[in-house]
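Worksheet for the structure shown next.
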C-alpha cells in the first residue's frame, strides 16, 4: 500500500474516491451470474495520476448486506493517502494510485471467459498483500473455486 500523501487537491481526490467506491459497491453487491460479488475500476484523478479501486464481498452475503458492509468501510478509506485498504470478514475495499491488479483495463481482462471477474480474481491474489491474499484464497476455495 502506498502511504504517501495525496499529490494535489485532497478534497477533489476524496470526492473521486467516494464516487468510485459507491459505483463499485453497487456493482459488487449486484454480483455476477456465478454469485461472485467483485468489482474493480480505474478513474482519472489528474492527467498523470489514476485511481485504481476494488470492492469485494463474500458470496454468502445478500446484495443488501454486501452493500451495507462496503458502504460502512468507504469513510475509513478517506485518509488523504495515495493508497488504503479495509479488510472485514465479509468484505474488502482497496484503492491505490497504481494498478495493483493485473491488467491496465480491468473491463477487458477476461481470463476465464466469464466476463472477466473470475480471471481477475485469480490474478489479484498474486499482487495483494499477504493478508489480502489470505482473504481471497479462503473465500475463493470456500465457495468452490472456478467452475
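Every read-out reported here was derived from the displayed coordinates using simple, explicitly stated rules and does not represent laboratory data. Bear in mind the structure is a predicted one, so any value in this text is a computation, not a measurement. Ideal geometry is used to build each Cβ from the backbone, glycine not excepted, and the neighbour counts take in all protein chains shown.
Placing pseudo-labels 7 Å out from each Cα toward the beta carbon at residue 5 and residue 23 gives an inter-label distance of 2.8 nm.
Fully extending the segment from residue 79 to residue 44, taken as 0.36 nm per residue of separation minus the present Cα-Cα distance, adds 10.7 nm. Shape descriptor for segment 1-91: Rg over Rh equals 0.99 (Cα atoms; Rh from the Kirkwood inverse mean 1/r).
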